[in-house]
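Novice: Provided herewith is a single structure, encoded as structure tokens, for subsequent inquiry.
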Amino acid sequence: MGVVVTGGRGPLARVVADLPPSDRPGPGPLLTEEDLLGPVDEVARSLLGCWVVTDRPDGRVALRLTEVEAYSGQGEDPASHAHRGPTPRAEIMFGPPGRLYVYFSYGVHWCANVVVGPAGRGSAVLMRAGEVVVGESLAHSRRPAARVARDLARGPARLTQALAIGPDDRGTDLLDPASSVRLHAGGAPAGVSAGPRVGISVATELPWRFWETEAPSVSVFRAGGKPRRRAARQDGRP
């Protein structure tokens, strides 16, 4: 469910999208704070094709982002954790940009978000899905239930598992070259689609989910439903 909103940004985007993972160029330079400024929906879309790289004691895994969701802290988005201001759970969303916001979703799994926009705005982009391009065997060892490569990071919980992202990474500076979790520039996809976000029960009209059109690693769309009884404990706290 969605609409194609744009093509790639220049001829390199199409060339990169058509190459098999083993032949694609490596990650570009680290993103900067300036790259993450602007309206949250525009920044979210710009993150498609960027690389998330994790270095752990057991090795490196890197993926290209193929699906993201935007969440605003400007009072327009009741689905956002920042909607009620900088609470203890959501304070990291208020900046500075480039920090990693990690939360526990419904007492089941971890989700990872990139804080974007000027400090104090309270916006973030959920990393919903990606294509593993470095460390596929290691990602498989962390995600043994994945039968095919496209499922290694196909969804926000699978993405954090493949990258070994968890609560200890909360607040990590993704723009620091010394960080164990980093966000790099990458080739933009040839096509980008937009549609409603997944699994929320408010602000469902906002087309703030963006994905690489026809990318096999994009997660399955599930419309929002009634609020869950455990929704108040999404970060694992009382």
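Novice: Does at least one position in the stretch 143-157 carry a residue that is over 24 Å from TRP211 (Cα atoms) and open to solvent by 10 Å² or more (accessible area, probe 1.4 Å)? Talk me through it step by step, then tell me what you get.
Specialist: Let us first name the residues in the stretch 143-157 that are over 24 Å from TRP211 (Cα atoms), namely 144.
Subsequent filtering for residues that are open to solvent by 10 Å² or more (accessible area, probe 1.4 Å) retains 144.
The answer is yes; a qualifying residue exists.
Novice: What are the residue pairs meeting all of these: first residue in the stretch 37-56, first residue touching a residue at least 24 places away in the same chain (Cβ under 8 Å), second residue buried (at least 23 other Cβ atoms within 10 Å of the Cβ) and part of a helix (DSSP H, G or I), Cβ atoms under 6 Å, and 6 or more apart or on different chains?
Specialist: VAL43/LEU36; THR54/LEU163
Novice: List the number of the failed condition for GLY107; all other conditions in (1) at pLDDT below 95; (2) within 27 Å of GLY38 (Cα to Cα); (3) among the small types (Gly, Ala, Ser) hold.
Specialist: Looking at each condition in turn, GLY107 falls short on (2).
Novice: Give ARG121, ARG128 a once-over and let me know the one that is crowded, with 23+ Cβ neighbours inside 10 Å and basic (Lys, Arg).
Specialist: On the way: ARG121 fails: crowded, with 23+ Cβ neighbours inside 10 Å.
After ruling out the rest, the residue left standing is ARG128.
Novice: Determine if the stretch 26-49 includes at least one residue that is under 21 Å from ARG142 (Cβ atoms) and either modelled with pLDDT of 95 or more or open to solvent by 10 Å² or more (accessible area, probe 1.4 Å) (or both). It would help to see each step written out before you state the result.
Specialist: Going through the stretch 26-49, the residues under 21 Å from ARG142 (Cβ atoms) turn out to be 27.
Cutting the leftovers down to either modelled with pLDDT of 95 or more or open to solvent by 10 Å² or more (accessible area, probe 1.4 Å) (or both) gives us 27.
Checked the stretch 26-49: at least one residue is under 21 Å from ARG142 (Cβ atoms) and either modelled with pLDDT of 95 or more or open to solvent by 10 Å² or more (accessible area, probe 1.4 Å) (or both).
Novice: Which residue out of ALA139, ALA82, ALA124, ALA162 is free of Cβ contacts under 8 Å to residues at least 60 places away in the same chain and of a type in the set (Gly, Ala, Ser)? Give the steps one after another, and end with the answer.
Specialist: Details: ALA139 fails: free of Cβ contacts under 8 Å to residues at least 60 places away in the same chain; ALA124 fails: free of Cβ contacts under 8 Å to residues at least 60 places away in the same chain; ALA162 fails: free of Cβ contacts under 8 Å to residues at least 60 places away in the same chain.
Sole residue among the options that is free of Cβ contacts under 8 Å to residues at least 60 places away in the same chain and of a type in the set (Gly, Ala, Ser): ALA82.
Novice: Tally the residues that are modelled with pLDDT of 90 or more, among the hydrophobic types (A, V, I, L, M, F, W, C) and within 11 Å of GLU67 (Cβ to Cβ), restricting the search to the stretch 199-238.
Specialist: Here the count works out to 4.
Novice: Could you list, in sequence order, the residues of the stretch 1-25 that are at pLDDT 50 or above and open to solvent by 80 Å² or more (accessible area, probe 1.4 Å)?
Specialist: Of everything in the stretch 1-25, those that are at pLDDT 50 or above and open to solvent by 80 Å² or more (accessible area, probe 1.4 Å) turn out to be MET1, VAL3, VAL4, ASP23.
Novice: May I ask you to verify whether LEU65 is on the phi < 0 side of the Ramachandran plot, touching a Phe, Trp or Tyr at 6+ places or on another chain (Cβ under 8 Å) and not charged (D, E, K, R)?
Specialist: On the way: on the phi < 0 side of the Ramachandran plot: yes; touching a Phe, Trp or Tyr at 6+ places or on another chain (Cβ under 8 Å): yes; not charged (D, E, K, R): yes.
Yes: the conditions hold for LEU65.
Novice: Take the stretch 203-221 and flag every residue that is open to solvent by less than 30 Å² (accessible area, probe 1.4 Å) and part of a loop (DSSP other than H, G, I, E, B).
Specialist: Scanning the stretch 203-221 gives ALA203, TRP208, ALA215, SER217, VAL218, SER219.
Novice: Let me ask something else. Out of ALA119, ALA112, I need the residue that is touching a residue at least 12 places away in the same chain (Cβ under 8 Å), under 23 Å from ASP173 (Cβ atoms) and part of a loop (DSSP other than H, G, I, E, B). Which one? Before you say what the answer is, go through the steps one by one.
Specialist: Details: ALA112 fails: part of a loop (DSSP other than H, G, I, E, B).
Answer to the selection: ALA119.
Novice: Give the residues of the stretch 183-202 that are within 28 Å of PRO216 (Cβ to Cβ) and either open to solvent by 20 Å² or more (accessible area, probe 1.4 Å) or part of a loop (DSSP other than H, G, I, E, B) (or both), sorted by residue number. Let's see the steps before the verdict.
Specialist: Let us first name the residues in the stretch 183-202 that are within 28 Å of PRO216 (Cβ to Cβ), namely 183-200.
Within the stretch 183-202, HIS184, ALA185, GLY186, GLY187, ALA188, PRO189, ALA190, PRO196, ARG197, VAL198, GLY199, ILE200 qualify.
Novice: Right, something else. Kindly indicate the residue of the stretch 55-73 that is open to solvent by 10 Å² or more (accessible area, probe 1.4 Å) and touching a His at 6+ places or on another chain (Cβ under 9 Å) and also farthest from SER105 (Cα to Cα) among those meeting that condition. Working first, answer last.
Specialist: Residues of the stretch 55-73 open to solvent by 10 Å² or more (accessible area, probe 1.4 Å): 55-60, 71, 73.
Narrowing further to those that are touching a His at 6+ places or on another chain (Cβ under 9 Å): 71, 73.
Numbers: TYR71: 15, GLY73: 19 Å.
The selected residue is GLY73.
Novice: Further question: Could you check the stretch 141-170 and list, in sequence order, the residues that are over 16 Å from MET127 (Cβ atoms) and touching a Leu at 6+ places or on another chain (Cβ under 7 Å)?
Specialist: Across the stretch 141-170, the qualifying residue is only ALA146.
Novice: Has the stretch 128-137 got any residue that is at negative phi, out of contact with any Leu (no Cβ under 8 Å at 6 or more places or on another chain) and outside any strand (DSSP E or B)?
Specialist: For the stretch 128-137, residues at negative phi, out of contact with any Leu (no Cβ under 8 Å at 6 or more places or on another chain) and outside any strand (DSSP E or B): present.
Novice: Would you please name the residue that is surrounded by the fewest Cβ atoms within 10 Å (Cβ to Cβ), looking only at residues in the stretch 160-177 that are among the aliphatic types (A, V, I, L, M) and under 17 Å from ASP58 (Cα atoms)?
Specialist: Pass one, the stretch 160-177, residues among the aliphatic types (A, V, I, L, M): 162-165, 174-175.
Then drop every residue that is not under 17 Å from ASP58 (Cα atoms), which leaves 162-165.
On the way: ALA162: 27, LEU163: 28, ALA164: 20, ILE165: 24.
Step by step, filter the stretch 160-177, then rank; the result is ALA164.
The values are calculated or read from the model by the stated rules, or taken from the named source; none is laboratory data. Model, not experiment: these values are computed from the prediction. No Cβ is skipped: glycine too gets one built from the backbone with ideal geometry, and neighbour counts run over all protein chains shown. Side chains included, ligands, DNA and RNA excluded: accessible areas come from the protein's heavy atoms. Shrake-Rupley method; radii C 1.70, N 1.55, O 1.52, S 1.80 Å.
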